[in-house]
Every structure is written in C-alpha cells, then in structure tokens.
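The block underneath contains the structure these notes are about, expressed in structure tokens.
The values are calculated or read from the model by the stated rules, or taken from the named source; none is laboratory data. Everything numeric here is computed off the predicted structure, so don't read it as measured data. Quick reminder, even Gly has a Cβ in these numbers, built from the backbone with ideal geometry, and neighbours come from all protein chains shown. Remember, those area values only see protein heavy atoms, side chains included, never the ligands or the DNA or RNA. Shrake-Rupley method; radii C 1.70, N 1.55, O 1.52, S 1.80 Å.
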Amino acid sequence: MVTDAGGTAPFHQELEEHSRPVWDAIFELPFVREVGDGTLALERFAYFIAQDVLYLDQFARVLARGATLADTPATREMFLRHAANVGRVEERLHEDLAPRIGLDVEAVRRQEPAPVTVAYTDHLLRVAHTGTLGELVAAVLPCYWVYARVGERLARRLPDHDVYRQWILAYASPEFHRSVDEQLALVDRLATLAGADERRLMHQWFLRSLRYEWMFWDQAYRTLRWPVAP
C-alpha cells in the first residue's frame, strides 16, 4: 500500500480497503455491466436519470452545508464550487440526455422520490446537519469516488450506444476527476485531525453511503416502486 510522507496510509486508502467487498459488488452490478456493453434497457436508464435528478437536488444542499462547516476559506470555496457544479455540469448532462430517453425533468421533480433515493438523501442530510465536517466529507465521498471509478473502468472499452457513451465519458473526464481528487485530499486531511470516535463515524458513514450507491443502481435496474399506492 502506498503511504504518505509520514509513513501511514492515507485515510481514503484505509476506507477503500475496509470496504473492498462493496466496491467489488458495485463493479459487478448488472446495471453497471450493461451500461458498459450498451445493452441496458433504456427504461432502466431513464428511471436512473430521473432518480439522479431528485438525488442531486438534495446533494447540492448537503454540499452547501459543507461550506458552512468549512474550516478554511479554501475548503469553503471548494464546497460552494462543487455545489454550483451540481446545478451546472450534471444537470446540463441530464438536460441533454433526458429528451433522448423520453424524460421530462420538470415532471420528474414533481414526483415523489423512490425508496432508496429517499433513504440515501435522508442519510446524507442527517450527517450534514448533525455531524462534523469530517463526517460530512466521508458521507459524500462515495458519490464522487464511485462514479469516477466506474467511469474510468467503462471508458476503457466504450459501448457503441451514444447515450451510454456520453454518460460514461462525463464521469471519466479530467474535470470530474479533479473534483474527486479534491474530496479525497480533504478527507485525508480531516482524518489526521480527527479523534478515534470521529474516525470511527467517518468509516461508518462512508460505508453506509457506499452501500447506498450499490442500492441506488440496483433500484434502477429493478425500477423499484413504493409497494403501496395512496
């Protein structure tokens, strides 16, 4: 394992090693594999994009909360920039893809989020409003890191499907990876300042979010609905 200048592994490597089975399960998800080979049913992808729109609306609020907890001006600027990017870069991607997959983004925003979307965003909002800055960063990190890793893997052999190719390239882009690297560096720095209890919670929230990432894509593959209609 690569170590930092002090001889100990960076905290993000510790997080990755402790969560290896979840990472492996994410890479083996049918949703991820079928996007990669261009065979995923478009209905499943449209469901995923719809839930991602609803998720990102809340994720931007979590990042804005990170700016209020920031311990340095540079960290505050980073969170504000990342929150703005959610509204600019990712929503532009959705707005471009949505018409091509028969999705009305404004109609989506009038719908109730699906069960996993609610659970995941509620988890992030709770950590953001009750935890430390270190806990918040650990909780949001999977949303960055997983997409970067999946994008990087799938970009090695891009599918012929135009929609899936565009989606993969967005998350394999240097611009997106720069944002991921900023969050990885921040979680490493904050972990060096954290006590044992805070580091334990950082592990716990990271793993919970990582599991929700698996559940989010699995939810889309199954096009999961609430079990009882009103």
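Taken as entire DSSP H runs, the helices of the chain that both span 24 Å or more between Cα atoms along their own long axis and average 0.0 or more on the Kyte-Doolittle scale are 42-69, 133-154.
Approximating the spin labels as points 7 Å out from Cα along Cα→Cβ, the Arg153-to-Val118 distance works out to 3.0 nm.
Taking every alpha-carbon pair under 8 Å whose residues sit at least 6 apart, the chain reaches a relative contact order of 31 percent. Surface analysis of the range 11-221 yields an accessible area of 43 Å² per residue, using protein heavy atoms and a 1.4 Å probe. What the Cβ-Cβ distance of Ile101 and Ala9 gives, at R0 = 41 Å and to the nearest 0.05, is a FRET efficiency of 0.50. When the helices of the chain are scored as -39500 (n - 2.57) per DSSP H run of n ≥ 4 and the total is divided over every residue, the value at 222 nm lands at -25000 deg cm²/dmol. Applying 1/(1 + (r/R0)^6) with R0 = 35 Å to the Cβ-Cβ distance of Arg178 and His129 gives a FRET efficiency near 0.80. Using a Gaussian network model of the chain in which every pair of alpha carbons under 10 angstrom is joined by a spring, one finds that among Ala74, Ala148, Ala138 the greatest mean-square fluctuation is at Ala74.
GNM remark for the chain: springs join alpha carbons under 10 Å apart, and the peak mean-square fluctuation among Gly36, Gly102, Gly131 falls on Gly102. Build a GNM of the chain with springs between Cα atoms under 10 Å apart, and of Pro99, Pro30, Pro159 the one that fluctuates most is Pro99.
Of the labelled figures (1) 13.1; (2) 12.1; (3) 14.1, only one reflects mean projected area of the Cα convex hull in nm² as derived from the coordinates, namely (1). Within the accessible area of the range 11-221, the carbon and sulfur atoms contribute 52%, probe 1.4 Å, all protein chains present. Taking Cα centre as origin and charging only the Cβ of basic (Lys, Arg, +1) and acidic (Asp, Glu, -1) residues, the dipole magnitude of the chain rounds to 220 debye.
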